[in-house]
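Asks: Here it is: the structure, laid out below.
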Amino acid sequence: MSADAARRFGRNRLALLGLALVAGLVLVAAAAPLLAPQDPVKQSLFEKRARPDAKHLLGADEFGRDILSRVIYGTRVALLVGTLAAAIAVVAGGALGCVAGFAGGWLDATIMRGIEILLAFPYLLLAIAIVSALGPGVVNTTIAVGVWGTPTVARMVRASVLALKETEYVRAARALGAGGPALVLRHILPNVLPTLCVYATLFMANAVLVEAALSFLGLGVQPPTPSWGLMVSTGRDVLLVAPHVATMPGLAIVVSVLGFNLLGDGLRDALDPRLRGA
Amino acid sequence: MKRGGARLATPLALLAAALALGALATPAAAQKRGGTLTIVRPTDPVSLDPHYETTAPGAWVYSNILESLIAIDEKLELHPKLATSWDVISPTRVRFKLRPGVRFHDGTPLDAAAVKFTLDRALKGTPPGRWASLAGPLAGAEVVDDLTVDVVTSEPFGPILRSLALVYAGIVSPTAVVKAGPDFSRAPVGTGPFKFVEWKTNTHVILERFADYWGDKAPLDRVVFRVLPEEGARMIALQTGDADMVLFPSPIQLAALRRDPKFAVHEATGLRVVFVGMHAKQPPLDDVRVRSALLHAVDLKAILANILEGAALPARGVLAPGVFGFKDMRLDQLYPFDRGRAKALLAQAGWNPGPDGVMQKGGQRLTLTWLAARGRYPKDGEITEAVQAMLRDVGVEAKVEWREWASAFTQFRGDPLSFHLFTLGWVTSSTDADSSLYPLFHSRQLPPGGWNTSRYANARVDTLVEQARRSLNQGERERLYGEAQDLLAKDMVWIPIYNTKEIVATRASVKGFGVHPVEYFLPLGKVWLDR
Amino acid sequence: MAGSLTFALRRLLLAVPVLLGVVFIVMLTLELVPGDAVAMMLGEHATKAAVDRLREHLGLDKPLLVRYAQYVGQLARGDLGRSIIQNRPVVDELADTWPATLELTVAALLIAALVGVPAGVVSAVRPNSSFDALARLGSLFGLSMPVFWTGLVLIVLFSLWLPWLPVGGRGSLAHLVLPAVALALPSIAMLARLTRSSVLEVLHEDYVRTARAKGLQELAVVVKHGLRNALLPIVTLVGIQAGQLMGGAVLTETVFAWPGLGRLMVKAIFARDYVLLQGAVLVFALAFVLVNLLVDLSYGLLDPRISRQG
């Protein structure tokens, strides 16, 4: 980020709030064992759905597990799923988009038809396929979420590459004899990177929600792993009787998604000077 | 084994007289006619024809449209329905006298030909009905005269009468089946107290009273079955009055509903046993001491009280009480929750605690693999998690592999099964021990052919269940099944967890309703609305 | 106009290989994923013989490529086949669900556009104002909550506490309100965000500055120049959203018991009913193609400078 962009970012209150939220999440995730008052998977059936009290500050879930500890450890799952899924989507989508956009011709056509098939393909079936083949769990859920984001990234990168290809300095570099891979690496990638960063940040927000959706359908992270999505989805059945079970992990989701979104928006505003406020 | 056809006189006349005398002191008994009953349940039927639908969402609806030769009541006793009497005339042949004057909803008469048509369609059709496997050696029917029909089996079959009382064995109108073709599955025609009106996929199924019903006509004008997949939404619908009846109510709200005079909770002991199966051929579970240790390690009371919260009963064996042939295994005395005993049994089998608390034998950890799905049976996922934690407390490390039901199902049915443990449920839908003990514990009923997923093999049990299957002497059968269950209790290849309760919550204005223990029946013929 | 027509036809023809590819991949995936429609349908009690017999009857014992060829042959004759589990024409099943999906999608998009676009415009006109911050934060909240959670909360609020709306199902306009709002929430945020940035971008172009200098009223400038020029990306996003929403908003449909395509697809996937699933996927894919086409055609209307290519 250039100094200019950094300054713009620094003046954006909402972006700073986003950064603070995300930094907070990272800290909580890193210090989870220090912060969590109890073992997040330890069951204590007779304390099931205990209301918040001195022992369980945020209450206990249907197995009597400490909700606060589970929400804290859940940060790790959320960040892991978010980061890894974004990485998969950005790397796979970026590579496909670059190749398609730069190569053009039949390769471009083939890749783009493939992307269209992937877009028209029922996402849930894809998730089930991955989860049935590999079994449900944090890593496999992450792969499913990452694959979900791939076609969008590919399309976006391809469009940027196409636009950049026609810019004068890329033409000049070409005229000077720069080969394909060198062009992509030296001239195109650095130009696409800011967009990708923004997208990756926004995607992390989505990843947390998609993971929650998969959990709702029983295809996400499996217990006793403390995943927020799973906690909300199992807690919703007792919403009327024990609202605290689903509320705290729900808030955690809101806070993290909000954080990633604000950060992503802020980054985009900062990196794209045309969008500078009045 | 002759059964008379006497039926209870209708109480209506008496009630009418009582009302006329101004006997308003018993208003609860004053049955009212008319009104629409709205039922919410989690899923839409697959079909309304037993030929294509053997699961409960369809059966709840068509059990009110179609009737079988024999009815099975809430006490699981058999009664005449479309047949008024029957005689066993040979080990493979039962003769039924049909009720005269019964008409299908399309106006055609019920006769022997319709019974033959129904059974032949189910058993010999191309393809046969989806319930054909449940009918065992049931082979078809032969017309004797207009109102007399013989049901034949390919070999002597003890549970024949209960098989004919299955919800699937409802007699269909041959005229309607031929006329509608495959569309019959969305517009069934039978003889029941309600006739089909409309089915909008995933929205509603509507039935209305059949005015020419042969018996007591249904008090309700209409029944509307609506779909609400979310448990929370179903409970709200009951509270707002959007629904009069909720199937699969939220267990933790039942206590509050029972206290509230606006609502009523109806329940019956169900016929499904949910259990953790053990693979008896997979070391170390081939050692009965290790299997027993696992049984001792599970605190059933805690699971029942805290996870099922009154929505189920502790399992009393591999069968549900009420099933013909059930014998109480007294599991609470044979395998009481006792961690000390569990550890002692493991020690006898050579397993001793390692450094991290997990049992070890010759450097090998006591680690078991576990195949489980979630959401197939009530609280199955939670039970798996809880038992996993309880096993950990006696030094047994269980690694659960969660699968979505369809892939788990394929693996359960597969051979070999490479897991030590598996969470499953089994319903004795015929209400006869045969349909559990034979496919689950006979040594030749191994997957993929049968459901002996535990790979249990005991020659004596084989003999007993075979004998009981072929005998038509019900007293003898009961004794044979008793002995088989005694043997099973000693070898225990299951950790039985709970016995289902069939629970339905209604608004207090719903009267005359009783939950049927067979989860496929939802009898609405006597239900009326007090409003 | 003739140009548009050939363009549309060409695009539709190009969609055919994509659709056939989707069909093949769906079939292949279901083949690879463990699970057997027939075994599950016949249930725990079924014998192996019964399962095999029914598989044979349904033609499911044939190799994948043969079944694919048969299916494509059927499609060419306009026959979507019969659902394996329900033995019902897939066309009927789609006819039951598709209108519900369309209704919900259109309603959600309308709500999203009516709330999101004005909010975005105001945010752009007064960037970094407290309205801007509030609108962005508020809409982001809508984007940040899992729909199965907001859905239930909406039901508790508007069906239980304030008994104004029915709990679920489809029928009257009242049934539509809650699911449409729940489904619209994330789209509102995305539209507001996009409108804001597009309008902001345009407001700094020279010709808008000129218009402002000429003394045109602020609102007139924004509407005349800003919004009109921001419409392109907005329409694109609406198109993408429409495509995604039509793919079935499974969770919203489940929470509100809405009888749409999403639940149909989930049912087909869990039951491994590939014929039913194919039908649903084809409708979805076709809708996707059509929406993209409409978006591209609307570009021409919104901005005559855009020439059409591929």
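Asks: Is the range C:89-108 home to any residue that is open to solvent by less than 30 Å² (accessible area, probe 1.4 Å), away from chain A (no Cβ under 14 Å) and within 30 Å of A:Ala15 (Cβ to Cβ)?
Replies: For the range C:89-108, residues open to solvent by less than 30 Å² (accessible area, probe 1.4 Å), away from chain A (no Cβ under 14 Å) and within 30 Å of A:Ala15 (Cβ to Cβ): present.
Asks: Which of the residues that make up the range C:35-51 are more than 7 Å from chain B (Cβ to nearest Cβ) and open to solvent by 20 Å² or more (accessible area, probe 1.4 Å)?
Replies: Hit for the range C:35-51 is C:Ala49, nothing else.
Asks: May I pose another question? Would you check if C:Leu54 is aliphatic (A, V, I, L, M), more than 10 Å from chain B (Cβ to nearest Cβ) and either assigned to a loop (DSSP other than H, G, I, E, B) or buried (at least 17 other Cβ atoms within 10 Å of the Cβ) (or both)?
Replies: Considered against the rule, which asks whether it is aliphatic (A, V, I, L, M), more than 10 Å from chain B (Cβ to nearest Cβ) and either assigned to a loop (DSSP other than H, G, I, E, B) or buried (at least 17 other Cβ atoms within 10 Å of the Cβ) (or both), C:Leu54 comes out as no.
Asks: Being modelled with pLDDT of 95 or more and in the same structural domain as B:Leu391 (by TED's automatic domain parsing) narrows it down to one of B:Leu345, B:Leu308, B:Leu331, so name that one.
Replies: B:Leu345
Asks: Given the criterion without any contact (Cβ under 8 Å) to a residue 60 or more places away in the chain and either in contact with a Lys or Arg (Cβ under 8 Å, 6 or more places away or on another chain) or surrounded by fewer than 16 Cβ atoms within 10 Å (Cβ to Cβ) (or both), identify the matching residue among C:Leu12, C:Leu64.
Replies: That would be C:Leu64, the only listed residue that is without any contact (Cβ under 8 Å) to a residue 60 or more places away in the chain and either in contact with a Lys or Arg (Cβ under 8 Å, 6 or more places away or on another chain) or surrounded by fewer than 16 Cβ atoms within 10 Å (Cβ to Cβ) (or both).
Asks: Here is a further query. Among the residues of the range C:17-34, what is the count of those that are surrounded by 17 or more Cβ atoms within 10 Å (Cβ to Cβ), within 14 Å of chain B (Cβ to nearest Cβ) and part of a helix (DSSP H, G or I)?
Replies: 2
Asks: Next question, about the same structure. Does A:Gly74 satisfy being within 27 Å of C:Val23 (Cα to Cα) and surrounded by 17 or more Cβ atoms within 10 Å (Cβ to Cβ)?
Replies: No, not satisfied.
Asks: Name the residues in the range A:133-161 that are within 14 Å of chain B (Cβ to nearest Cβ), among the β-branched types (Val, Ile, Thr) and surrounded by fewer than 24 Cβ atoms within 10 Å (Cβ to Cβ), would you? Talk me through it step by step, then tell me what you get.
Replies: Of the residues in the range A:133-161, the ones within 14 Å of chain B (Cβ to nearest Cβ) are A:133-141, A:144.
Right, trim to among the β-branched types (Val, Ile, Thr) and you get A:138-139, A:141.
Residues satisfying the conditions are A:Val138, A:Val139.
Asks: I would also like to ask the following. Scan the range B:390-399 for residues that are within 10 Å of chain A (Cβ to nearest Cβ) and either in contact with a Phe, Trp or Tyr (Cβ under 8 Å, 6 or more places away or on another chain) or among the basic types (Lys, Arg) (or both) and report the count.
Replies: Residues meeting the conditions: 1.
Asks: Checking A:Gly250 against (1) buried (at least 22 other Cβ atoms within 10 Å of the Cβ); (2) more than 9 Å from every other protein chain (Cβ to nearest Cβ); (3) within 22 Å of A:Ala50 (Cα to Cα); (4) not hydrophobic (A, V, I, L, M, F, W, C), only one condition comes out false. Which one?
Replies: Exception for A:Gly250: condition (2).
Asks: Considering only the range C:266-277, state which residues are open to solvent by less than 10 Å² (accessible area, probe 1.4 Å) and either under 14 Å from the mean Cα position of the chain (by Cα) or more than 9 Å from chain B (Cβ to nearest Cβ) (or both).
Replies: C:Ala268, C:Asp273, C:Leu276, C:Leu277
Asks: Continuing with this model, one more query. Could you please find all residues in the range A:10-43 being closer than 24 Å to C:Ser130 by Cβ, open to solvent by 50 Å² or more (accessible area, probe 1.4 Å) and either within 14 Å of chain B (Cβ to nearest Cβ) or more than 22 Å from the chain's Cα centre (by Cα) (or both)?
Replies: The answer is A:Arg11, A:Arg13.
Asks: Looking only at residues in the range C:67-87 that are assigned to a loop (DSSP other than H, G, I, E, B) and more than 7 Å from every other protein chain (Cβ to nearest Cβ), which one is surrounded by the most Cβ atoms within 10 Å (Cβ to Cβ)?
Replies: Per the criteria, the residue is C:Ser83.
Asks: Looking for whichever is in contact with a strand residue (DSSP E or B) (Cβ under 9 Å, 6 or more places away or on another chain) and farther than 27 Å from B:Tyr481 by Cβ here; the options are B:Ala169, B:Ala141, B:Ala165, B:Ala176. Which one fits?
Replies: Among B:Ala169, B:Ala141, B:Ala165, B:Ala176, only B:Ala141 is in contact with a strand residue (DSSP E or B) (Cβ under 9 Å, 6 or more places away or on another chain) and farther than 27 Å from B:Tyr481 by Cβ.
Asks: Let me ask you something else. Restricting to the range B:41-69, give me the number of residues that are in a loop (DSSP other than H, G, I, E, B) and more than 14 Å from chain C (Cβ to nearest Cβ).
Replies: Residues meeting the conditions: 6.
Asks: Can you work out which of the residues in the range B:378-390 that are at pLDDT below 90 and open to solvent by 30 Å² or more (accessible area, probe 1.4 Å) is nearest to B:Val273 (Cα to Cα)?
Replies: B:Pro378
Asks: The conditions are (1) touching a residue at least 60 places away in the same chain (Cβ under 8 Å); (2) closer than 23 Å to A:Gly250 by Cβ; (3) open to solvent by 20 Å² or more (accessible area, probe 1.4 Å); (4) more than 12 Å from every other protein chain (Cβ to nearest Cβ), and A:Asp53 fails exactly one of them. Which is it?
Replies: (1)
Asks: Restrict the check to the range A:115-129 and report whether at least one residue is in a helix (DSSP H, G or I) and modelled with pLDDT of 85 or more.
Replies: Yes, the conditions are met somewhere in the range A:115-129.
Asks: I'd like to know if the range B:228-241 contains one or more residues that are open to solvent by 20 Å² or more (accessible area, probe 1.4 Å), on the phi > 0 side of the Ramachandran plot and within 14 Å of chain C (Cβ to nearest Cβ).
Replies: From the range B:228-241, those open to solvent by 20 Å² or more (accessible area, probe 1.4 Å) are B:229, B:231, B:239-241; that's our starting set.
Add one more test, that the residue is on the phi > 0 side of the Ramachandran plot, and what stays is B:241.
Retained after the next criterion (residues that are within 14 Å of chain C (Cβ to nearest Cβ)): B:241.
Yes, that holds for at least one residue.
Asks: Go through B:Gly322, B:Gly310, B:Gly375 for me and flag whichever is within 14 Å of chain A (Cβ to nearest Cβ), open to solvent by 20 Å² or more (accessible area, probe 1.4 Å) and in contact (Cβ under 8 Å) with a residue 40 or more places away in the chain.
Replies: Values: B:Gly322 fails: within 14 Å of chain A (Cβ to nearest Cβ); B:Gly375 fails: in contact (Cβ under 8 Å) with a residue 40 or more places away in the chain.
Residue meeting the stated conditions: B:Gly310.
Asks: Tell me which residues, restricted to the range B:454-476, are open to solvent by less than 30 Å² (accessible area, probe 1.4 Å) and not in a loop (DSSP other than H, G, I, E, B).
Replies: Once the filter is applied, which keeps residues that are open to solvent by less than 30 Å² (accessible area, probe 1.4 Å) and not in a loop (DSSP other than H, G, I, E, B), the range B:454-476 yields B:Val461, B:Asp462, B:Leu464, B:Val465, B:Ala468.
Asks: With a cut-off of at least 1 residues that are among the charged types (D, E, K, R) and modelled with pLDDT of 80 or more, name the helices (runs of 4 or more DSSP H) lying wholly within the range C:235-310.
Replies: Counting at least 1 such residues, we get C:250-255, C:261-271.
Asks: Could you list, in sequence order, all residues of the range A:216-234 that are farther than 16 Å from A:Arg76 by Cα and either open to solvent by 20 Å² or more (accessible area, probe 1.4 Å) or at the interface with chain C (Cβ under 9 Å from one of its Cβ atoms) (or both)?
Replies: Within the range A:216-234, A:Phe216, A:Leu217, A:Gly218, A:Val232, A:Ser233, A:Thr234 qualify.
Asks: Considering only residues of the range A:91-102 that are open to solvent by 60 Å² or more (accessible area, probe 1.4 Å) and in contact (Cβ under 8 Å) with a residue 12 or more places away in the chain, which is nearest to the chain's Cα centre (by Cα)?
Replies: A:Leu96
Asks: Answer yes or no as to whether B:Asp393 is in the same structural domain as B:Pro284 (by TED's automatic domain parsing) and at pLDDT below 90.
Replies: The answer is no for B:Asp393.
Asks: Among the numbered criteria (1) in contact with a helix residue (DSSP H, G or I) (Cβ under 6 Å, 6 or more places away or on another chain); (2) modelled with pLDDT under 95; (3) open to solvent by less than 30 Å² (accessible area, probe 1.4 Å); (4) over 30 Å from B:Pro249 (Cα atoms), which one does B:Ala484 miss?
Replies: Single failed check for B:Ala484: (2).
The values are calculated or read from the model by the stated rules, or taken from the named source; none is laboratory data. A quick note: this is a predicted structure, and the numbers were derived from the prediction, not measured. Heads up, the Cβs are rebuilt from the backbone with ideal geometry, glycines too, and the neighbour counts pull from every protein chain shown. All accessible areas refer to the heavy atoms of the entire protein, side chains included, with ligands and DNA or RNA removed. Shrake-Rupley method; radii C 1.70, N 1.55, O 1.52, S 1.80 Å.
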